[in-house]
Amino acid sequence: MPTEVLVGVIGLGGAVVGALAAFLGVVYQQRHQAKLAAKQRLTDLSTAAVDVLMVELEAVRRLAWTRAARDHPMRGTWIAEVAPHVDAIRLAALRLTDRELREMIEAACVYTFGDEETLQEAVGLHMAPIVVMSASTGEAQKCLGYYLRQEPTPETIYLAAARRTYRASITTLGPGDPL
């Protein structure tokens, strides 16, 4: 085989290997960028959800203290007043990427704003519903702050008790029972 042909074949082989390496590099880079973009999208959605949660939790806390200051009972029209805020909390919590935090907030929506007596029994502290709501909304806001800073979820009293009670109620339901 003449030298010119051998040099041409080696050059062609090098070009094919180089093109293949470049192609694989581009594919890898695109996949990596897609993963980063998806992760960033989740982070952005989660951060927006935390903003909504903080505002709505504060609205519930203020609403409860306002009702207590006016000497209104916590039942009656309370559910109608707090329902839009609790609905917004539940919907925003669905976007959180931390499962434990999602469950704690969902449980707080059920037991803190709707069934305080059950939560008080679970915690072992019998206080006015206003105290339970204020403490649990404060705990939730604290946990959300830790979540934003990517720190481990701190220990809580009311949210942890609500989560245990919530999980126990779910495990006792049958397949066709409503939540």
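The values are calculated or read from the model by the stated rules, or taken from the named source; none is laboratory data. This structure is a prediction, so every number in the text was calculated from the model and none was measured. Don't worry about glycine lacking a Cβ; one is built from the backbone with ideal geometry, like all the others, and counts go over all protein chains shown.
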* **Sole residue being part of a helix (DSSP H, G or I), at pLDDT below 85 and under 21 Å from Ser169 (Cβ atoms), chosen from Ile79, Ile89, Ile105** => Ile79
* Structure fact -> Selection from the range 133-153 of residues among the small types (Gly, Ala, Ser) and within 14 Å of Ala49 (Cα to Cα) yields Ala140, Gly145
* To do: Scan the range 142-155 and report the pairs whose first residue is on the phi < 0 side of the Ramachandran plot and whose second residue is part of a loop (DSSP other than H, G, I, E, B) and loosely packed, with under 15 Cβ neighbours inside 10 Å, with Cβ atoms within less than 9 Å and a gap of 6+ or a chain change.
  => Lys142/Pro154; Cys143/Pro154; Gly145/Glu151; Tyr146/Pro152; Tyr146/Pro154; Tyr147/Thr97
* In the range 156-179, the residues that are crowded, with 19+ Cβ neighbours inside 10 Å and either modelled with pLDDT under 85 or outside any loop (DSSP other than H, G, I, E, B) (or both) -> Tyr158, Leu159, Ala161, Ala162, Arg163, Thr165, Tyr166
* To do: Identify all residues within the range 2-26 that are of a type in the set (Val, Ile, Thr) and surrounded by 10 or more Cβ atoms within 10 Å (Cβ to Cβ); write none if there are none.
  => Val7, Val9, Ile10, Val16, Val17, Val26
* Cβ-Cβ under 8 Å pairs, at least 6 apart or on other chains, the range 40-56 side exposed (fewer than 13 other Cβ atoms within 10 Å of the Cβ), far side among the charged types (D, E, K, R) -> Ala48/Arg95
